[in-house]
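Below is one structure; the comments refer to it alone.
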Protein chains: 2
Amino acid sequence: MTTATQFEQFNALCKEAGITPTQQRLVIWQTLTEMHNHPSPEDVYVRVKPQLPTVSLATVYKNIHLFIDTGMFREVSMHHGTLRIETNSALHHHLVCRKCKSIFDLDAKQLSGFPIPQSLPDGFVAEQFSIDVLGLCAACRKSKP
Amino acid sequence: MTTATQFEQFNALCKEAGITPTQQRLVIWQTLTEMHNHPSPEDVYVRVKPQLPTVSLATVYKNIHLFIDTGMFREVSMHHGTLRIETNSALHHHLVCRKCKSIFDLDAKQLSGFPIPQSLPDGFVAEQFSIDVLGLCAACRKSKP
DNA sequence: CTATCGAACGATAATGATTATCGTCGCTGA
DNA sequence: TCAGCGACGATAATCATTATCGTTCGATAG
C-alpha cells in the first residue's frame, strides 16, 4: 500500500529526475523500496503483477533502466552483461566506466596487506577480494550526451 | 607460436587440474595468456580461429569454463549474469558465493580501513567503490560436490 | 596392428534474458 | 474537442550461452 508521503516522495523524485510520474512507475518504485535483497527484473515483475494485472514485463524493464539511468536506483554489478576472462594474474583493481562499461586494470600494491575481516556472517568463507572503482572514463566524459 | 616451455607448462597445468591436454585447449590457453585485457569468449574465438580453422564457438565456451572451474583462469565478475537491482541504499559491500552466486550484503563498517587508491590513470573520474568479497556461503560449503 | 571405449569436438538447436518494434491509450495544451 | 506526444502492452527479434547429439581422436587392451 502506498501512503500519501510515499506518493509525494515519489513525485518529488520524478520531478528531480525529469521523468513523468505514472501509476506503473509508482508501483514499481514502491515495490523496489520494499525489497531488501537484489531482485532481478523478473522478481520485480511477479511482485508488481498482482497490483497491476495488465503490466508488461517490458514496462518493468524499461522503468527499471529509467530508474537506474536517473540515479534513483543502482545496479549491483556494473559489468554483468557477458562473461569476461581475467587474463591479468597480478593482484589488481578494476576501473569500470558506468557508461561504456569498459574495464581498466589498476595495479593495487596497496591491497596486498588488506586485512581480511574475520567475522563474516552466516559461515561465509572469504577467499578473495574484488574491488571495482566505478566512474566515467576519459572518452565518456568528453561525449556529453 | 607456442614454445616448448609453454607446452610443458600447459601440460603441467592440465595434470594439476586433472584435465586432458588437447590441441584446442593448448591454443585457447595460449591465446588467453597473450591477451592482457578482459576478453569475451567471442574475442577469444576470433583469435583462435586462424590457428584452428575448424574450432567451434561451443568448444571455446566449454574450455573457458573448464579453465575457470579448475582455477587456471578467473572471470572478471563473480556476479549473476543477469541484471540485479540494488535496493539497499546504505553504504555496503557484497559477499558473493562463487558457487551459487548468491549475494549477501556486508555493512561498510566491517570493511573500514580499506586503502583507497589515489591516482587513477587516463582521466578516469571515480564516483563510487564496490567491494566484493568472494568465497563460499555456508550452504555451499556443506554440499561437497 | 587393430578393435574398442570414452573423452573431446563440431555443428546446430534450444534456451533465457533483454531489447526493439509498433499499434494503442490517455493526458495536456491549443 | 482535437492534435501531439509520451508511456504502455504485446510480441517479435536479438544476443549470449548452453544443451544435444553424432562424429572423431587417442590411448589402451588384445
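The values are calculated or read from the model by the stated rules, or taken from the named source; none is laboratory data. Only a predicted model underlies this, so the values are computations on that prediction, with no experimental measurement involved. Every residue, glycine as well, gets a Cβ built from its backbone with ideal geometry; the counts of neighbours run over all protein chains shown. In case anyone asks, the SASA skips ligands and DNA or RNA and just uses the protein heavy atoms, side chains included. Shrake-Rupley method; radii C 1.70, N 1.55, O 1.52, S 1.80 Å.
Some notes on this structure:
- Accessible area that becomes buried as B packs against A, both chains, 1.4 Å probe, Å², nearest 100: 5800
- Label geometry 7 Å along the beta-carbon vector: B:THR3 inter-copy distances in nm: 6.9
- Centre separation in Å (Cα based) which lies between the stretch A:1-39 and the stretch B:24-71: 45
- Label-to-label distance, nm, for residues given as B:LYS62 and B:ASP107 (7 Å Cα→Cβ offset): 4.9
- For residues of B:4-11, the mean tally of beta carbons on other chains within 10 Å: 0
- Relative to the other identical copies, A:ASN88 shows label-point distances of 2.7 nm, where the label point lies 7 Å from Cα along the Cβ direction and values run shortest first.
- Ascending distances from the B:LYS101 label point to its copies in the other chains, with the point 7 Å along the Cα-to-beta-carbon line: 1.4 nm.
- Theoretical ellipticity at 222 nm over the protein assembly as shown - DSSP helices of four or more residues, -39500 (n - 2.57) apiece, nearest 500: -10500 deg cm²/dmol
- Karplus-derived HN-Hα couplings along the stretch A:17-30 (A = 6.51, B = -1.76, C = 1.60, θ = phi - 60°), whole Hz, x at Gly and Pro: 7, x, 10, 6, x, 10, 4, 4, 5, 4, 5, 5, 4, 4
- Within the protein assembly as shown, percent of DSSP bridges classed antiparallel, to nearest 5: 75
- Cβ neighbours within 10 Å from other chains - mean over B:70-82: 6
- Cα gyration tensor shape for the stretch B:15-116, rounded if a/c is under 1.5, else prolate or oblate: prolate
- Of all DSSP-defined beta bridges confined to chain B, some 55% are antiparallel rather than parallel.
- Rolling a 1.4 angstrom probe over the protein assembly as shown with all protein chains present gives an accessible area of which 55% lies on carbon and sulfur atoms.
- In this structure, the residue pairs whose Cα-Cα separation is over 29 Å, taken from A:LYS15/A:LYS62; B:LYS49/B:LYS101; B:LYS49/B:LYS99; A:LYS142/B:LYS99, are B:LYS49/B:LYS101; B:LYS49/B:LYS99; A:LYS142/B:LYS99.
- Global geometry of the protein assembly as shown, whether rounded, prolate or oblate, following the gyration tensor of its Cα atoms and the 1.5 cut on a/c: prolate
- Sites B:LYS49 and B:GLN23, calculated FRET efficiency, Cβ-Cβ separation with R0 22 Å, nearest 0.05: 0.95
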